[in-house]
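Inspection log for the structure reproduced underneath, given as structure tokens.
Nothing in this text is a laboratory measurement; each read-out follows from the coordinates by a stated rule. What you are looking at is a predicted structure, and each value in this text was computed from that prediction instead of being measured. For neighbour counting, all protein chains shown are included, and Cβ atoms are generated from backbone atoms with ideal geometry for every residue, glycine included.
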Amino acid sequence: MFESLPTPKPDGIIALMQAFAQDPRMGKIDLGVGVYRDEAGRTPVMRAVKAAELRCVETQESKSYLSLAGDQAFLDAMGALLLGGAVPAARVASVGTPGGTSAVRQICELIRSARPEAVVWVSAQTWPNHAPVIAAAGLKAQPYRYMDPARGALDHMGLFADLEQVCAGDVVLLHGCCHNPTGIDFSAQDWAEIAALLARRGAVPFVDMAYQGFGEGLDADAGGLRHLAARLPEVLVAASCSKNFGLYRERVGLAMAIVPETARATLAAALAGLSRQVFAFPPDHGGRVVSTILGDTALRAMWQAELEEMRLRVEENRRALASALHAKTGSDRFDMIAQQRGMFSLLPLSPDQVAQLHADHGIYMMGDGRANMAGLNAYSVPVCAQAIASVLR
Ligand code: LMR
């Protein structure tokens, strides 16, 4: 049966994780997978998460099945965190998913069930798993221009020229904040222009929100999504709690469809039906931890404070690396790192230079130059700046 089964192409991020783990060199530096690290290089269980887990263990009396959508308290709490009351709850259908990846997949499945011919427009630089997930769901992906490499900033003209080509019923995938891999986010004005364009073209935005809280703050990072939700009849959302709750391996995500009130019940049933075909019930533990935190004033304050510490640390790493690179290279080509947001920046390096950083200096980043700013610390910033300057010579 399996004689002709093709071996899948390895996922670049996972391959990098494995290569880093197997590298025996002392002083190797991991700027690969999108995981937050503290100054000591650890990815700690967040304080509020630990406290909420203890509370769940003490109070939970059953682990019997819930509904296909998962725990309603989690769905409500996440709806409020994402949408901040921008739309009435009667317009929102959502289900819990095992992580943000399966939220993306379930939304793609939903699109295919509703409109198999829909094209999913994706920023030219994007999370490497977007295209495979879209293709696996049987949908066609089409790139739109996003980054101007010369400036390390948004290619505003290219973006809007390409989005003018979207057809009614197409879907446009947008990173809610902390664009992965460029770190280049939309301004409020960009979001307003995108909303107007999509409304005019009759296309549906699909917001992937994987880093809420790591850009400008929890509410500011959801500003674009809230703007779209308030202005467009249909908005799709995939959200992840991996990064902002540090719940990576627990797999906590949410797939959401914001639709006219009359369509909500159909969408809720469609999403639940799709869950039933793949994993039936979403995992409960991580979602319960999230709803426990968001539903308790003290735990929520503790979580927000720690998330803010994490956000500020990444911002500080950005400033430190930009300034060290400026000093070492004598050029401003890396200054944009300090302006970009979230975990990633796409460093202007060739694949050969990235390979040299890996081989000669034990610095791991994606082949296209994507580097995780959360992986830096006071020790590695000067080491990386020196190494990058040396491969540029
Ligand atoms: C990343 O982009 O590195 C993270 O989102 C982890 C993943 O699942 O790819």
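Taking amide hydrogens as modeled 1.01 Å from N in the peptide plane, which residues meet the under 5 Å criterion relative to Gln142, leaving out close sequence neighbours?
Here the answer is Val120, Trp121, Val122, since their amide H atoms fall under 5 Å of that of Gln142.
Work from the charge dipole of the chain (Cβ charges, +1 for Lys and Arg, -1 for Asp and Glu, about the Cα centre) and give the residue of Val237, Ser187, Cys177 farthest towards its positive end.
Looking along the dipole axis, the top candidate is Val237.
How many percent of Cα pairs in segment 275-393 exceed 20 Å?
Details: 3758 of 7021 pairs.
The calculated P(r) of segment 275-393 puts 54 percent of pairs beyond 20 Å.
Considering only C-alpha atoms, what is the centroid distance from segment 333-357 to segment 276-306, in Å?
Between the Cα centre of segment 333-357 and that of segment 276-306, the gap is 33 Å.
Run a plain Debye calculation on segment 190-341 (Cα atoms as equal point scatterers, no solvent) and give log10 I(q)/I(0) at q = 0.12, 0.18 Å⁻¹, rounded to two decimals, same order as the q list.
-0.70, -1.19
If the elastic network links every pair of Cα atoms under 10 Å, which of Met147, Met343, Met26 fluctuates the most in the Gaussian network model of the chain?
Comparing Met147, Met343, Met26 in a Gaussian network model of the chain, the most mobile one is Met26.
Given the convex hull of the Cα atoms of segment 65-295, what is a quarter of its surface area in nm²? Kindly include the intermediate steps, with their values, before the conclusion.
On the way: hull surface 45.1 nm².
Computing the convex hull of the Cα atoms and averaging its projections yields 11.3 nm².
Using only Cα atoms and rounding to the nearest 10 degrees, what angle (0 to 90) does helix 297-329 make with the longest principal axis of the chain?
The answer is roughly 30 degrees.
Under 27 Å Cα to Cα from Lys9, which lysines show up? Leave out anything in the same chain fewer than 8 places away.
Excluding near neighbours in sequence, the set is Lys28, Lys140, Lys243.
Considering all projection directions equally, how large on average is the shadow of the alpha-carbon convex hull of segment 11-98, in square nanometres?
Averaged projected hull area, Cα only: 9.8 nm².
Can you tell me the 0 to 90 degree angle between the C-alpha axis of helix 99-114 and the longest principal axis of the chain, rounded to 10?
Its long axis makes an angle of about 50 degrees.
Could you check what % of the DSSP bridge pairs in the chain are antiparallel, to the nearest 5?
On the way: 17 of 35 bridges.
If we restrict to bridges inside the chain, about 50 percent are antiparallel.
Whole-Å semi-axes of segment 104-241's equivalent ellipsoid, largest first, each the root of 5 times a Cα gyration tensor eigenvalue? Please list the in-between numbers first.
Working: eigenvalues 84, 54, 51 Å².
Equivalent ellipsoid of segment 104-241: 21, 16, 16 Å, largest first.
Relative to the compact-globule scaling 2.2 N^0.38 Å, provide the ratio for the alpha-carbon radius of gyration of the chain.
Here the Cα radius of gyration is 0.98 times the empirical estimate.
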